[in-house]
Amino acid sequence: MIEAEHLVVGAGFAGLAAARAIVRGGRTVAVLEARDRVGGRVYTRTLDDGTPLDLGGQWVGPTQERLYALAKELGVATFATYGDGHNVLHWGGKRKKYKGTIPSVSPLPLLDLAWAMKRLDALANTVNLEAPWETKNAAALDGQTLASMLDRVIHFDTARELLKIGLETIFAADAADISLLHAAFYVKSGKGLDSLVGVANGAQQDRFVGGAQPIADRLAGTLGDALHLSSPVREIVTTDDGVEARGDGFVARGRRIIVALPPTLAGRLRYAPALPAARDQLTQRMPMGSVIKCMAVYDTPFWREEGLSGQAVSDTGPVQTTFDNSPPEGKPGVLLGFIEANAARALSRVTETERRAKVLECFARYFGERALSPREYVDKSWAEDEWSRGCYAGYMPPGVWTSYGHALRASVGRIHWAGTETAAEWNGYIEGALASGERAAREVLSREERR
(Lines give C-alpha, C1' and ligand atoms only; values in the text may rest on other atoms or scores of the structure.)
Protein backbone atom coordinates (compact mmCIF):
# COMPACT_ATOMS: atom_id res chain seq x y z
CA MET A 1 0.00 0.00 0.00
CA ILE A 2 1.28 3.46 -0.97
CA GLU A 3 -0.05 6.13 1.33
CA ALA A 4 0.20 9.92 1.23
CA GLU A 5 -2.06 12.84 1.94
CA HIS A 6 -2.52 13.44 -1.79
CA LEU A 7 -1.88 11.54 -5.02
CA VAL A 8 -0.78 12.67 -8.46
CA VAL A 9 -1.20 10.54 -11.59
CA GLY A 10 1.42 11.34 -14.20
CA ALA A 11 4.98 12.66 -13.84
CA GLY A 12 5.07 14.96 -16.82
CA PHE A 13 5.70 18.63 -16.13
CA ALA A 14 2.12 19.16 -14.94
CA GLY A 15 2.25 16.30 -12.44
CA LEU A 16 5.71 17.22 -11.20
CA ALA A 17 4.72 20.87 -10.74
CA ALA A 18 1.60 19.82 -8.85
CA ALA A 19 3.55 17.49 -6.57
CA ARG A 20 6.17 20.11 -5.78
CA ALA A 21 3.50 22.68 -4.93
CA ILE A 22 1.75 20.20 -2.62
CA VAL A 23 5.01 19.44 -0.81
CA ARG A 24 5.75 23.14 -0.50
CA GLY A 25 2.26 23.52 0.94
CA GLY A 26 3.25 21.23 3.80
CA ARG A 27 1.48 18.07 2.61
CA THR A 28 2.76 14.68 1.54
CA VAL A 29 2.28 13.35 -1.95
CA ALA A 30 2.74 10.18 -4.00
CA VAL A 31 3.32 10.52 -7.74
CA LEU A 32 2.35 7.54 -9.89
CA GLU A 33 3.93 7.40 -13.35
CA ALA A 34 3.29 4.72 -15.96
CA ARG A 35 6.61 5.19 -17.76
CA ASP A 36 10.03 4.23 -16.44
CA ARG A 37 11.02 7.90 -16.69
CA VAL A 38 9.60 11.33 -15.91
CA GLY A 39 8.89 14.16 -18.36
CA GLY A 40 5.84 12.89 -20.22
CA ARG A 41 5.81 14.46 -23.68
CA VAL A 42 9.25 15.88 -23.00
CA TYR A 43 11.83 13.22 -23.83
CA THR A 44 15.54 13.69 -24.47
CA ARG A 45 17.45 10.76 -25.94
CA THR A 46 21.22 10.90 -25.50
CA LEU A 47 23.41 9.41 -28.23
CA ASP A 48 26.51 7.34 -27.45
CA ASP A 49 28.72 10.40 -27.99
CA GLY A 50 26.67 12.38 -25.45
CA THR A 51 24.66 14.42 -27.96
CA PRO A 52 21.16 15.12 -26.59
CA LEU A 53 18.24 14.82 -29.00
CA ASP A 54 14.95 16.31 -27.83
CA LEU A 55 12.33 14.01 -29.30
CA GLY A 56 9.54 15.82 -27.45
CA GLY A 57 8.99 19.36 -26.21
CA GLN A 58 12.18 21.39 -26.38
CA TRP A 59 11.65 25.15 -26.76
CA VAL A 60 11.01 28.12 -24.50
CA GLY A 61 10.24 31.69 -25.46
CA PRO A 62 9.15 35.12 -24.22
CA THR A 63 6.45 35.26 -21.49
CA GLN A 64 7.08 31.63 -20.54
CA GLU A 65 8.38 32.83 -17.21
CA ARG A 66 7.65 29.70 -15.17
CA LEU A 67 9.79 27.53 -17.42
CA TYR A 68 12.66 30.00 -17.61
CA ALA A 69 12.63 30.37 -13.82
CA LEU A 70 12.44 26.63 -13.21
CA ALA A 71 15.34 25.91 -15.55
CA LYS A 72 17.44 28.58 -13.86
CA GLU A 73 16.58 27.26 -10.39
CA LEU A 74 17.54 23.72 -11.39
CA GLY A 75 20.77 24.74 -13.11
CA VAL A 76 19.74 24.08 -16.71
CA ALA A 77 21.03 26.82 -19.01
CA THR A 78 19.35 28.03 -22.19
CA PHE A 79 20.82 28.99 -25.56
CA ALA A 80 19.35 30.64 -28.65
CA THR A 81 17.90 28.46 -31.39
CA TYR A 82 20.23 28.76 -34.37
CA GLY A 83 18.83 31.09 -37.00
CA ASP A 84 21.77 32.82 -38.67
CA GLY A 85 21.77 33.02 -42.45
CA HIS A 86 19.04 32.38 -44.99
CA ASN A 87 16.04 30.10 -44.66
CA VAL A 88 15.00 27.82 -47.52
CA LEU A 89 11.68 27.87 -49.37
CA HIS A 90 11.18 24.78 -51.53
CA TRP A 91 8.05 25.50 -53.56
CA GLY A 92 6.77 24.11 -56.82
CA GLY A 93 9.91 22.03 -57.19
CA LYS A 94 12.22 25.05 -56.92
CA ARG A 95 14.45 26.17 -54.06
CA LYS A 96 15.08 29.74 -53.07
CA LYS A 97 16.41 31.52 -50.01
CA TYR A 98 14.74 34.11 -47.82
CA LYS A 99 15.11 35.83 -44.46
CA GLY A 100 12.53 36.37 -41.75
CA THR A 101 9.59 34.34 -40.46
CA ILE A 102 7.34 34.56 -43.54
CA PRO A 103 8.67 33.02 -46.79
CA SER A 104 9.09 35.42 -49.69
CA VAL A 105 6.42 34.71 -52.28
CA SER A 106 4.80 36.96 -54.87
CA PRO A 107 3.18 40.14 -53.49
CA LEU A 108 -0.51 39.30 -53.85
CA PRO A 109 -0.35 35.91 -52.07
CA LEU A 110 1.84 37.51 -49.42
CA LEU A 111 -0.77 40.22 -48.80
CA ASP A 112 -3.46 37.54 -48.76
CA LEU A 113 -1.49 35.58 -46.14
CA ALA A 114 -0.89 38.66 -44.01
CA TRP A 115 -4.60 39.54 -44.13
CA ALA A 116 -5.67 36.04 -43.07
CA MET A 117 -3.20 36.04 -40.18
CA LYS A 118 -4.45 39.47 -39.08
CA ARG A 119 -8.04 38.23 -39.16
CA LEU A 120 -7.23 35.18 -37.07
CA ASP A 121 -5.25 37.25 -34.55
CA ALA A 122 -8.12 39.74 -34.29
CA LEU A 123 -10.58 36.92 -33.69
CA ALA A 124 -8.27 35.42 -31.08
CA ASN A 125 -8.23 38.68 -29.16
CA THR A 126 -11.99 38.34 -28.55
CA VAL A 127 -11.70 34.95 -26.80
CA ASN A 128 -12.29 34.50 -23.07
CA LEU A 129 -9.24 32.40 -22.17
CA GLU A 130 -10.63 31.19 -18.84
CA ALA A 131 -14.02 30.26 -20.32
CA PRO A 132 -13.89 30.11 -24.14
CA TRP A 133 -17.53 28.99 -24.26
CA GLU A 134 -18.48 32.43 -22.89
CA THR A 135 -16.78 34.24 -25.79
CA LYS A 136 -19.03 36.47 -27.85
CA ASN A 137 -20.46 34.43 -30.75
CA ALA A 138 -18.96 31.29 -29.21
CA ALA A 139 -21.60 28.98 -30.68
CA ALA A 140 -21.06 30.29 -34.20
CA LEU A 141 -17.29 30.06 -33.90
CA ASP A 142 -17.47 26.59 -32.38
CA GLY A 143 -19.87 25.41 -35.05
CA GLN A 144 -17.30 25.66 -37.81
CA THR A 145 -13.74 24.55 -38.47
CA LEU A 146 -10.60 26.59 -38.83
CA ALA A 147 -10.49 25.43 -42.46
CA SER A 148 -13.91 26.97 -43.12
CA MET A 149 -12.68 30.36 -41.99
CA LEU A 150 -9.52 30.12 -44.08
CA ASP A 151 -11.54 29.19 -47.17
CA ARG A 152 -13.58 32.37 -46.75
CA VAL A 153 -10.75 34.83 -46.22
CA ILE A 154 -7.93 33.43 -48.42
CA HIS A 155 -8.05 33.79 -52.19
CA PHE A 156 -4.63 32.56 -53.36
CA ASP A 157 -3.61 28.91 -53.23
CA THR A 158 -0.02 29.78 -52.29
CA ALA A 159 -1.22 31.79 -49.28
CA ARG A 160 -3.58 29.01 -48.26
CA GLU A 161 -0.86 26.36 -48.44
CA LEU A 162 1.68 28.46 -46.56
CA LEU A 163 -0.75 29.14 -43.73
CA LYS A 164 -1.82 25.49 -43.71
CA ILE A 165 1.81 24.45 -43.16
CA GLY A 166 2.26 27.01 -40.42
CA LEU A 167 -0.92 25.98 -38.63
CA GLU A 168 -0.07 22.28 -38.83
CA THR A 169 3.25 23.13 -37.19
CA ILE A 170 1.26 24.77 -34.38
CA PHE A 171 -1.52 22.21 -33.93
CA ALA A 172 -0.15 18.95 -35.41
CA ALA A 173 -3.64 18.59 -36.85
CA ASP A 174 -5.42 19.56 -40.04
CA ALA A 175 -7.36 22.83 -40.04
CA ALA A 176 -10.45 20.83 -41.01
CA ASP A 177 -10.24 18.92 -37.71
CA ILE A 178 -10.16 21.94 -35.39
CA SER A 179 -12.95 24.16 -34.13
CA LEU A 180 -12.47 27.80 -35.11
CA LEU A 181 -13.15 28.73 -31.49
CA HIS A 182 -10.39 26.39 -30.36
CA ALA A 183 -7.97 27.77 -32.94
CA ALA A 184 -8.68 31.32 -31.78
CA PHE A 185 -8.32 30.28 -28.13
CA TYR A 186 -5.01 28.59 -28.82
CA VAL A 187 -3.62 31.55 -30.75
CA LYS A 188 -4.47 33.93 -27.91
CA SER A 189 -3.15 31.45 -25.35
CA GLY A 190 0.19 31.47 -27.19
CA LYS A 191 0.35 35.28 -27.53
CA GLY A 192 -0.52 35.46 -31.23
CA LEU A 193 0.41 33.81 -34.50
CA ASP A 194 3.75 35.60 -34.83
CA SER A 195 4.70 34.30 -31.39
CA LEU A 196 3.61 30.74 -32.13
CA VAL A 197 5.51 30.42 -35.41
CA GLY A 198 8.44 32.68 -34.55
CA VAL A 199 11.98 31.81 -33.52
CA ALA A 200 13.60 35.06 -32.33
CA ASN A 201 11.04 36.65 -29.98
CA GLY A 202 8.79 33.64 -30.53
CA ALA A 203 7.90 30.33 -28.96
CA GLN A 204 10.97 28.67 -30.56
CA GLN A 205 13.44 31.30 -29.34
CA ASP A 206 15.54 29.25 -26.90
CA ARG A 207 16.56 25.68 -26.17
CA PHE A 208 18.04 23.97 -23.14
CA VAL A 209 21.66 22.93 -22.83
CA GLY A 210 21.61 19.15 -22.49
CA GLY A 211 17.98 19.00 -23.59
CA ALA A 212 14.71 19.60 -21.76
CA GLN A 213 14.71 16.22 -20.00
CA PRO A 214 17.18 17.27 -17.27
CA ILE A 215 14.68 19.86 -16.03
CA ALA A 216 12.12 17.12 -15.42
CA ASP A 217 14.74 14.79 -13.95
CA ARG A 218 16.00 17.39 -11.49
CA LEU A 219 12.49 18.47 -10.56
CA ALA A 220 11.61 14.83 -9.87
CA GLY A 221 14.77 14.54 -7.78
CA THR A 222 13.34 17.06 -5.32
CA LEU A 223 10.45 14.67 -4.58
CA GLY A 224 12.57 11.81 -3.24
CA ASP A 225 10.71 8.56 -2.61
CA ALA A 226 7.35 10.20 -3.38
CA LEU A 227 7.89 9.25 -7.03
CA HIS A 228 6.80 5.79 -8.22
CA LEU A 229 7.85 4.92 -11.78
CA SER A 230 6.52 2.02 -13.90
CA SER A 231 3.25 2.31 -11.97
CA PRO A 232 0.40 2.77 -14.44
CA VAL A 233 -2.89 3.61 -12.74
CA ARG A 234 -5.85 1.67 -14.09
CA GLU A 235 -8.66 2.69 -11.75
CA ILE A 236 -9.58 5.53 -9.40
CA VAL A 237 -12.00 4.74 -6.59
CA THR A 238 -13.50 7.48 -4.44
CA THR A 239 -14.52 6.50 -0.92
CA ASP A 240 -16.23 8.43 1.88
CA ASP A 241 -12.94 9.55 3.40
CA GLY A 242 -10.49 9.50 0.51
CA VAL A 243 -9.48 8.18 -2.87
CA GLU A 244 -7.58 5.16 -4.12
CA ALA A 245 -5.52 4.79 -7.28
CA ARG A 246 -5.25 1.16 -8.28
CA GLY A 247 -2.79 -0.35 -10.70
CA ASP A 248 -1.15 -3.66 -11.52
CA GLY A 249 -0.06 -4.98 -8.15
CA PHE A 250 -0.39 -1.76 -6.16
CA VAL A 251 -2.92 0.47 -4.43
CA ALA A 252 -2.21 4.08 -3.47
CA ARG A 253 -4.41 5.89 -0.99
CA GLY A 254 -4.81 9.60 -0.24
CA ARG A 255 -7.38 12.27 0.51
CA ARG A 256 -7.40 13.86 -2.97
CA ILE A 257 -5.96 13.03 -6.36
CA ILE A 258 -4.72 15.09 -9.31
CA VAL A 259 -4.94 13.39 -12.69
CA ALA A 260 -2.24 15.05 -14.80
CA LEU A 261 -2.87 13.21 -18.07
CA PRO A 262 -4.12 14.28 -21.51
CA PRO A 263 -7.95 14.12 -21.42
CA THR A 264 -8.08 11.23 -23.87
CA LEU A 265 -5.85 9.14 -21.58
CA ALA A 266 -7.66 10.26 -18.43
CA GLY A 267 -10.83 8.98 -20.07
CA ARG A 268 -9.35 5.49 -20.40
CA LEU A 269 -9.10 5.01 -16.64
CA ARG A 270 -11.93 3.35 -14.75
CA TYR A 271 -13.69 5.47 -12.16
CA ALA A 272 -15.86 4.33 -9.28
CA PRO A 273 -18.28 5.93 -9.02
CA ALA A 274 -18.44 6.77 -12.71
CA LEU A 275 -17.56 10.28 -13.81
CA PRO A 276 -20.33 12.76 -14.59
CA ALA A 277 -21.55 12.47 -18.17
CA ALA A 278 -20.12 15.85 -19.24
CA ARG A 279 -16.59 14.99 -18.14
CA ASP A 280 -16.69 11.54 -19.73
CA GLN A 281 -18.18 12.85 -22.97
CA LEU A 282 -15.48 15.52 -23.07
CA THR A 283 -12.69 12.94 -22.92
CA GLN A 284 -14.33 11.06 -25.80
CA ARG A 285 -14.09 14.17 -27.95
CA MET A 286 -10.54 15.48 -27.43
CA PRO A 287 -8.16 13.72 -29.84
CA MET A 288 -4.42 14.21 -29.72
CA GLY A 289 -2.42 15.81 -32.48
CA SER A 290 -0.30 13.62 -34.77
CA VAL A 291 3.41 14.33 -35.15
CA ILE A 292 6.58 12.44 -35.98
CA LYS A 293 9.71 14.27 -34.90
CA CYS A 294 12.69 13.29 -37.06
CA MET A 295 16.39 14.04 -36.60
CA ALA A 296 19.43 13.37 -38.75
CA VAL A 297 22.88 13.72 -37.18
CA TYR A 298 25.96 14.74 -39.21
CA ASP A 299 29.60 15.34 -38.27
CA THR A 300 29.09 19.08 -38.80
CA PRO A 301 26.16 21.39 -39.60
CA PHE A 302 27.28 21.62 -43.23
CA TRP A 303 24.34 23.85 -44.22
CA ARG A 304 25.87 26.65 -42.16
CA GLU A 305 28.86 26.65 -44.51
CA GLU A 306 26.43 27.69 -47.27
CA GLY A 307 24.97 30.49 -45.15
CA LEU A 308 21.78 28.56 -44.36
CA SER A 309 19.95 28.63 -41.03
CA GLY A 310 18.68 25.05 -41.22
CA GLN A 311 15.10 26.33 -41.34
CA ALA A 312 13.06 25.30 -44.36
CA VAL A 313 9.45 25.39 -45.55
CA SER A 314 8.18 23.19 -48.37
CA ASP A 315 4.92 22.47 -50.19
CA THR A 316 5.89 18.85 -50.86
CA GLY A 317 6.87 17.03 -47.71
CA PRO A 318 6.31 14.76 -45.93
CA VAL A 319 8.70 17.00 -43.95
CA GLN A 320 7.39 20.53 -44.52
CA THR A 321 9.27 22.42 -41.80
CA THR A 322 12.82 21.99 -40.48
CA PHE A 323 15.18 23.51 -37.91
CA ASP A 324 18.86 23.38 -37.05
CA ASN A 325 18.80 21.34 -33.84
CA SER A 326 22.54 21.15 -33.24
CA PRO A 327 23.89 21.49 -29.68
CA PRO A 328 25.18 24.94 -28.62
CA GLU A 329 28.80 24.11 -29.47
CA GLY A 330 27.74 23.49 -33.08
CA LYS A 331 28.88 19.86 -33.39
CA PRO A 332 27.59 17.46 -34.37
CA GLY A 333 25.16 18.97 -36.86
CA VAL A 334 21.54 17.99 -36.29
CA LEU A 335 18.66 18.63 -38.67
CA LEU A 336 15.16 18.44 -37.21
CA GLY A 337 12.13 17.79 -39.37
CA PHE A 338 8.46 17.65 -38.48
CA ILE A 339 5.92 15.32 -40.07
CA GLU A 340 2.48 16.37 -38.92
CA ALA A 341 -1.27 15.86 -39.16
CA ASN A 342 -2.37 13.71 -42.12
CA ALA A 343 1.22 13.12 -43.26
CA ALA A 344 2.11 11.82 -39.79
CA ARG A 345 -0.85 9.46 -39.85
CA ALA A 346 0.27 8.10 -43.20
CA LEU A 347 3.97 7.79 -42.28
CA SER A 348 3.20 6.07 -38.98
CA ARG A 349 2.07 3.09 -41.04
CA VAL A 350 5.40 2.53 -42.80
CA THR A 351 8.62 1.08 -41.41
CA GLU A 352 11.25 3.30 -39.84
CA THR A 353 13.55 2.44 -42.75
CA GLU A 354 11.01 3.72 -45.27
CA ARG A 355 10.33 6.78 -43.16
CA ARG A 356 14.05 7.50 -42.87
CA ALA A 357 14.44 7.43 -46.64
CA LYS A 358 11.55 9.85 -47.18
CA VAL A 359 12.82 12.24 -44.51
CA LEU A 360 16.37 12.29 -45.88
CA GLU A 361 15.03 12.92 -49.38
CA CYS A 362 13.33 16.02 -48.01
CA PHE A 363 16.49 17.18 -46.24
CA ALA A 364 18.46 16.69 -49.47
CA ARG A 365 15.99 18.79 -51.47
CA TYR A 366 16.35 21.62 -48.98
CA PHE A 367 20.05 21.42 -48.06
CA GLY A 368 21.84 19.36 -50.71
CA GLU A 369 23.04 15.83 -51.31
CA ARG A 370 25.17 15.69 -48.17
CA ALA A 371 21.95 15.42 -46.19
CA LEU A 372 21.40 11.90 -47.57
CA SER A 373 24.26 10.47 -45.49
CA PRO A 374 23.82 11.16 -41.77
CA ARG A 375 25.86 9.23 -39.28
CA GLU A 376 22.66 8.60 -37.31
CA TYR A 377 18.91 8.97 -37.79
CA VAL A 378 16.30 8.97 -35.00
CA ASP A 379 12.58 9.65 -35.02
CA LYS A 380 9.66 9.45 -32.62
CA SER A 381 6.07 8.82 -33.70
CA TRP A 382 4.14 10.17 -30.74
CA ALA A 383 0.80 8.69 -31.75
CA GLU A 384 2.35 5.26 -31.21
CA ASP A 385 3.55 6.12 -27.71
CA GLU A 386 1.41 4.10 -25.31
CA TRP A 387 1.37 6.77 -22.61
CA SER A 388 0.79 9.79 -24.87
CA ARG A 389 -1.05 8.55 -27.96
CA GLY A 390 -0.15 11.74 -29.79
CA CYS A 391 1.41 15.19 -29.55
CA TYR A 392 1.66 18.07 -29.06
CA ALA A 393 -1.64 18.24 -27.22
CA GLY A 394 -5.30 17.35 -27.26
CA TYR A 395 -7.48 19.76 -29.26
CA MET A 396 -11.16 20.61 -29.58
CA PRO A 397 -13.09 19.69 -32.73
CA PRO A 398 -16.26 21.70 -33.52
CA GLY A 399 -18.88 21.83 -30.80
CA VAL A 400 -16.73 20.60 -27.93
CA TRP A 401 -15.82 23.88 -26.22
CA THR A 402 -19.39 25.11 -26.07
CA SER A 403 -20.92 21.78 -25.08
CA TYR A 404 -18.32 20.36 -22.72
CA GLY A 405 -15.65 22.98 -22.05
CA HIS A 406 -17.00 23.69 -18.57
CA ALA A 407 -15.96 20.15 -17.55
CA LEU A 408 -12.31 20.47 -18.61
CA ARG A 409 -10.94 21.85 -15.35
CA ALA A 410 -13.87 21.36 -12.96
CA SER A 411 -12.99 18.96 -10.15
CA VAL A 412 -15.16 15.91 -9.59
CA GLY A 413 -15.43 15.32 -5.86
CA ARG A 414 -11.93 14.42 -4.72
CA ILE A 415 -10.56 14.25 -8.29
CA HIS A 416 -8.77 17.25 -9.81
CA TRP A 417 -7.45 17.70 -13.34
CA ALA A 418 -4.12 19.03 -14.60
CA GLY A 419 -2.19 18.85 -17.86
CA THR A 420 -1.27 21.39 -20.51
CA GLU A 421 -4.67 20.92 -22.16
CA THR A 422 -6.27 22.55 -19.11
CA ALA A 423 -4.08 25.68 -19.21
CA ALA A 424 -5.50 29.07 -20.14
CA GLU A 425 -2.13 30.50 -21.19
CA TRP A 426 0.43 28.61 -23.26
CA ASN A 427 -1.98 25.74 -23.70
CA GLY A 428 -0.15 22.82 -25.32
CA TYR A 429 3.29 23.94 -24.11
CA ILE A 430 5.53 23.04 -21.17
CA GLU A 431 4.74 26.44 -19.68
CA GLY A 432 1.04 25.60 -19.75
CA ALA A 433 1.70 22.23 -18.13
CA LEU A 434 3.55 23.89 -15.24
CA ALA A 435 0.76 26.42 -14.76
CA SER A 436 -1.89 23.69 -14.77
CA GLY A 437 -0.08 21.66 -12.13
CA GLU A 438 0.25 24.67 -9.87
CA ARG A 439 -3.43 25.53 -10.34
CA ALA A 440 -4.55 21.98 -9.49
CA ALA A 441 -2.32 21.96 -6.40
CA ARG A 442 -3.87 25.23 -5.23
CA GLU A 443 -7.30 23.62 -5.54
CA VAL A 444 -6.22 20.66 -3.43
CA LEU A 445 -4.53 22.77 -0.78
CA SER A 446 -7.45 25.19 -0.54
CA ARG A 447 -9.81 22.26 0.12
CA GLU A 448 -7.44 21.11 2.83
CA GLU A 449 -7.64 24.51 4.51
CA ARG A 450 -11.43 24.20 4.67
CA ARG A 451 -11.36 20.76 6.28
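The values are calculated or read from the model by the stated rules, or taken from the named source; none is laboratory data. Treat the numbers as computed from the prediction; the structure is a model and nothing was measured. Cβ: placed from backbone, ideal geometry, glycine included. Neighbour counts: every protein chain shown. Only protein heavy atoms, including side chains, enter the accessible area calculation; ligands, DNA and RNA are left aside. Shrake-Rupley method; radii C 1.70, N 1.55, O 1.52, S 1.80 Å.
Some points to look at:
- Using heavy atoms of the protein chains and a probe of 1.4 Å, the accessible area assigned to LYS188 is about 60 Å².
- Placing +1 on the Cβ of every Lys and Arg and -1 on the Cβ of every Asp and Glu, with no other charges, gives the stretch 408-451 a dipole of roughly 320 debye about its Cα centre.
- For the chain, the share of accessible area belonging to carbon and sulfur comes to 49 percent (1.4 Å probe, ligands and nucleic acids excluded).
- Each stretch of four or more DSSP H residues adds -39500 (n - 2.57); spread over every residue of the chain, this sum gives -10000 deg cm²/dmol at 222 nm.
- ARG152, ARG37, reordered so the largest accessible area comes first (probe 1.4 Å): ARG152, ARG37
- Which listed pairs, of LYS118/LYS188; LYS96/LYS188; LYS99/LYS293; LYS164/LYS293, have C-alpha distances above 21 Å, in listed order: LYS96/LYS188; LYS99/LYS293
- In the full protein context, the stretch 84-134 carries 57 Å² of accessible surface per residue, based on a 1.4 Å probe and ignoring ligands, DNA and RNA.
- Proximal aspartates and glutamates relative to LYS72, as straight alpha-carbon distance under 15 Å, when same-chain residues fewer than 8 apart are discounted: ASP206, ASP217, GLU431
- 3J(HN,Hα) from dihedral phi, the stretch 404-414, Karplus parametrisation 6.51/-1.76/1.60, rounded to Hz, x for glycine, proline: 10, x, 4, 8, 5, 10, 5, 5, 10, x, 8
- Residues with amide H under 5 Å from that of GLU376, placed H, sequence gap 5 or more: VAL297
- Here the stretch 77-123 is treated with +1 on each Lys and Arg Cβ and -1 on each Asp and Glu Cβ, and its dipole about the Cα centre works out to around 220 debye.
- Of the peptides 259-269, 81-91, the ranking by mean beta-carbon count within 10 Å, highest at the top, reads 259-269, 81-91.
- In terms of its C-alpha gyration tensor, the stretch 1-69 comes out oblate, because a/c is 1.5 or above while a/b does not outweigh b/c.
- Highest-first arrangement of 209-217, 26-34, where packing means the average Cβ count within 10 Å: 209-217, 26-34
- For TYR271, the residues 5 or more places off, or on other chains, whose built amide H falls under 5 Å of its own are ILE236.
- Sequence ranges 199-206, 119-126, 412-419, ranked by mean other-Cβ count within 10 angstrom, highest first: 412-419, 199-206, 119-126
- The distance linking the stretch 180-220 with the stretch 379-451 is 16 Å (Cα centroid to Cα centroid, whole angstrom).
- For the chain, the relative contact order is 25 percent, taking Cα pairs closer than 8 Å that sit 6 or more residues apart in sequence and dividing their mean separation by the residue count.
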